[in-house]
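Bear in mind that the values in this text are calculations on the coordinates, not laboratory data. Small disclaimer: the values here were computed from a predicted structure and weren't measured. Note that we place each Cβ from the backbone using ideal geometry, even for glycine, and neighbour counts take in every protein chain shown.
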Amino acid sequence: MRRLVLASANPDKTAELGHFLEGSGMEVVSITVLHPGWEVEETEVTLAGNALLKARAASAATGLPSVADDTGLFVDVLGGAPGIYTARFAGAGCSYADNVRKLLVMMMLESNRRAWFRTVVAFCDPAGGSYHVSGEVSGVITLEPSGEGGFGYDPVFQADGLIRTFAACTPEEKHSVSHRARAMALLREKLPV
């Protein structure tokens, strides 16, 4: 069975990416298992650029094929922010709750609550070959957090077609429409086995 490295130091993201790779015929391992403390500074200006940067770094560090994602939340009324700064919207070292709090404060008086998540997933092999795919889901930012599941902005994002936030959904409900699920489905179609 071929090994595939997940190039993320975020345990929540690693768990979700791993879920989508179950049954792929590949042994999936986190970069942090192979290289504890692994980290890559996201210096690119696009989601695709950052996903490729991380995938290439993990493949180079391990000599194995790797997968990385970069995800952004884009809010209409904020001109697309937080965008590529989604994970660090409230500043360096911020928590999920810090990011959600900042977003809700900025949107406090806004009636337009339209937003969308976009995930870009990149694959890189040790020979340097790479590609990326993307998935997107539209929805709204709720007035207040709801739910205990998920991570990141899930407590305040309600996807079109759902009646609850991602955090209040079951994992199956979230995965039926989520940006990351859509990107990973496209990736699985292209993965070498």
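Quick rundown of the values:
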| read-out | value |
| --- | --- |
| Gaussian network model of the chain, Cα within-10 Å springs - most flexible of C124, C169, C94 | C94 |
| Value of relative contact order over region 131-180, rounded to a whole percent, pairs C-alpha under 8 Å and six or more apart | 37 percent |
| Per-residue Cβ neighbour rank within 10 angstrom, fewest leading, D69, D160 | D160, D69 |
| Calculated FRET value between V105 and H19, using beta carbons and R₀ = 25 Å, to 0.05 | 0.20 |
| Evaluated at q = 0.12, 0.16 Å⁻¹: base-10 log I(q)/I(0), Debye formula over Cα of region 103-186 | -0.40, -0.64 |
| Where labels lie 7 Å past Cα in the beta-carbon direction, separation of T43 and C94 in nm | 2.3 nm |
| Rounded to 10°, Cα long-axis angle of helix 96-106 versus longest principal axis of the chain | 40 degrees |
| The chain: relative contact order as a whole-number percent, Cα under 8 Å and 6+ apart | 19 percent |
| Net length gained if the chain between S146 and E173 were fully extended (0.36 nm per residue, minus Cα distance) | 8.2 nm |
| The chain: equivalent-ellipsoid semi-axes (sqrt of 5 x gyration tensor eigenvalues, Cα, Å) | 29, 18, 14 |
| FRET efficiency estimate (nearest 0.05) - Cβ-Cβ, A185 to L34, R0 22 angstrom | 0.25 |
| Nearest 10 degrees, 0 to 90: helix 11-20 Cα axis against the chain principal axis | 70 degrees |
| Label-to-label distance, nm, for residues given as R2 and D76 (7 Å Cα→Cβ offset) | 4.2 nm |
| Sorted by Cβ neighbour density within 10 Å, fewest at the top, the residues I163, I84, I31 | I163, I84, I31 |
| Tilt relative to the chain, helix 47-62 - C-alpha long axis, 0 to 90 degrees, to 10 | 30 degrees |
| Total formal charge among the other residues, if their Cβ is under 15 angstrom from that of I84, Lys/Arg +1 and Asp/Glu -1 | -3 |
